[in-house]
Structure formats: structure tokens, C-alpha cells
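What follows is a short report on a single structure.
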Amino acid sequence: MKAYQESEREMRQRKQEVWAQRVEVSENHKEEIIYHAESGRPLSAWEEALAMPILAPLEVVTKLVTLGHGSIFLDRRASLQYWSQRIRESWNLLKEYKEEMLGHDKKEAFDRLKALQMECDDAWRVLKEAQQQAYEERQQAREAQQRAFEERQQTWRAKIEGEITELENRLSQEYAKLERRNNHLTTLQDKLNNARSDEYRDRVQDWISEEEDRISHIREKIGRIEGWISEKQSRL
């Protein structure tokens, strides 16, 4: 009887040891699986941005992106790719270890992996939305710059065209003056040809010289104005 009781105690002790070992193995597997997934999780400003509750407002994350170097998108993508890989590997570990794990450890590992997978998926979504928003903002900025440039061009062109119109009006006035002076010169030349006295002829000759000087001055002025017009037209 005594031998039987001792044998029964040894069996219970052995079962307890086996169970304790199984508990330890199961817990070690669980911790390994969870640690493997969590260790790939990005630890940066993005960590804070994604902390409450799972995602930060899109504008916060976008600021983290748009205020920094353009390569931050590539850095973020690389970190999420690494994290995604670690999570996939953790799912594979859970599948590999499931026969050696207790039910509650498998459930805890499964729930934690599922939560991390959701967070990682949301982080990918935030990245894509931030990239899209940054792209749209760059497009809007370029379009605004283009509109501003076109408006400046239009303003500048209108200014030059206005100056050309003003010069053309002045040119028309000078040509009208030239025509009047040429007509007057013709009249004076007729008077010179019909002069009946030397005194009158000398006086008319002085008038002709004065009129020729005025005509020369007008022609010079016309030349300058036409040069100004050509120069401004070449800038359009």
C-alpha cells in the first residue's frame, strides 16, 4: 500500500512537472511571437503620431511628412515594410508553435497579432493618404505659382502694350506735325520761287531754313519713337 501511494505521488509530481514545462514552453512561444511582431514596430515621431487611439489626425501625420525631407516617405515605407514582414513571420510562428501552446496563450498571441496587424494596416493607410495629400498640395502650389506667373506675364504684357499704344499715338502726332511742316515748306518754296525782291527772297530763305530744321528735328524724334516701339515689341 505504501509503495502504491509513493508511486501515485511520483506520477502526480511527474504530471505537474510535465504540465509546468508545457506552461513554460507555451508562455515562451507566446512571448517570442508577440515580441517578434512588436520589435518591428516603428519607434519614431510616427510612434507618437499613431498613439491616440490608433491613428493621429491625418493633418498631424501629413505635417510630419511635409515639413521634413522628401525621403521621409521612403523611410516610412521601408519601416512599415519591415514591420509588415515581422508580423507575417509572427503569424507563421504562431502556426508553427500552436500544437505546443495552451489555449489561452494562443488566444493572447492571436489577439495581439491581430491588433498589431490592424495598427500596421492603418499606418499604411495614413502613409498613402499623407503621400496623396502632399502630392495634391504640391500640385496646388505649382498651379498657384503658374497662375501667379501667368498673371504677372499678363500684367507685364498689358503694361508693354499700353506703352506701345502710347508711343504709337505720339508717333502719329509727330507724323501729323511732319506732314504740316512739309506742306508749309512746299508753300515757302513756292513763295521763294515767286519772290519779286531780293529782300523778300532772303527772308523766305530764312523761313525755309528754320522749317527744314524743324522738319529734321521731327524726323529725329520719329526715329527715336520708332526705335522705342521696336524695342518694346521685341519684348512681347
Per 5 Å bin from zero, what fraction in whole % of the C-alpha pairs of segment 108-161 is there, up to the bin with the longest pair?
-> 5, 16, 10, 11, 8, 10, 7, 7, 6, 5, 5, 3, 3, 2, 1, 0
Which pairs, out of 30/107; 106/128; 177/232, put more than 21 Å between their alpha-carbon atoms?
-> 106/128; 177/232
Within-12-Å neighbourhood charge of residue 132 [Cβ basis; K, R +1; D, E -1] | 0
Label-to-label distance, nm, for residues given as residue 215 and residue 14 (7 Å Cα→Cβ offset) | 13.9
Taking segment 159-234, how much of its Cα-Cα pair set, in percent, is spaced more than 22 angstrom apart?
-> 41
Principal axis box of segment 147-193, alpha-carbon based, largest edge first, Å | 67, 8, 5
Under a point spin-label approximation (7 Å from Cα along Cα-to-Cβ), what is the residue 154-residue 75 distance to one decimal in nm?
-> 4.2
Given unit charges at Cβ for Lys, Arg (+) and Asp, Glu (-), the dipole magnitude of segment 159-234 about its Cα centre in debye, nearest 20, is 120
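Where a number appears in this text, it was derived from the coordinates with a stated rule and is not lab data. Since the structure is predicted, the reported quantities are computational estimates derived from the model, not experimental observations. Virtual Cβ from ideal backbone geometry, glycine too; neighbours counted across all protein chains shown.
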